[in-house]
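Inspection log for the structure reproduced underneath, given as structure tokens.
The values are calculated or read from the model by the stated rules, or taken from the named source; none is laboratory data. Note that the coordinates shown come from a computational prediction; the quantities given were computed from them, not determined experimentally. Reconstructed Cβ throughout: ideal geometry from the backbone, glycine too, with neighbour counts over all protein chains shown.
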Amino acid sequence: MMGRTSNTYLPKDWHSRLPDPAAYYTQHLDKLGDVAANGWAMALCPFHDDYESSLSVKLIGIKGAYRCDTCGNHGDMVAFHMARTELPFKEAVRDLIGLRGRG
Ligand SMILES: [Zn+2]
């Protein structure tokens with residue numbers, strides 16, 4: 001695309017501006033189950049044709065780790081957002097902290 005002016009600047013405090021994993025995953029996952037004592041919950045995996053909630057997500061804490069034992073997709077909340085939106089790292093972070101599309 002010619003003349004693309006995407007701003008990929010990340011503020012120094014981007015990490016502390018990320019959304020709460022519980023709020024993020026509640027919004028973006030289907031059939032999110034109850035949180036277990038260890039902070040993990042199960043949901044439908046958006047990265048394969050899932051029907052038995054094989055995705056584990058950690059809702060307590062700040063990283064928002066996730067892993068799917070069926071398709072092997074795993075990472076933290078930023079990696080999840082990158083995989084879901086197909087954005088590169090900096091744009092995915094900007095999207096998460098509400099800066100994407102702004103100068
Ligand atoms: Zn999966």
**Prompt:** Any chance the stretch 3-19 includes a residue that's at pLDDT 95 or above, under 13 Å from the mean Cα position of the chain (by Cα) and either part of a loop (DSSP other than H, G, I, E, B) or crowded, with 16+ Cβ neighbours inside 10 Å (or both)?
**Reply:** yes
**Residue match in the stretch 82-91 (condition: within 21 Å of ALA43 (Cβ to Cβ), over 13 Å from the mean Cα position of the chain (by Cα) and surrounded by 16 or more Cβ atoms within 10 Å (Cβ to Cβ))** = no
**Message:** Filter the stretch 33-58 down to the residues that are away from the ligand (no atom under 13 Å from the Cβ) and closer than 18 Å to ALA83 by Cα and list them by number.
**Reply:** LYS58
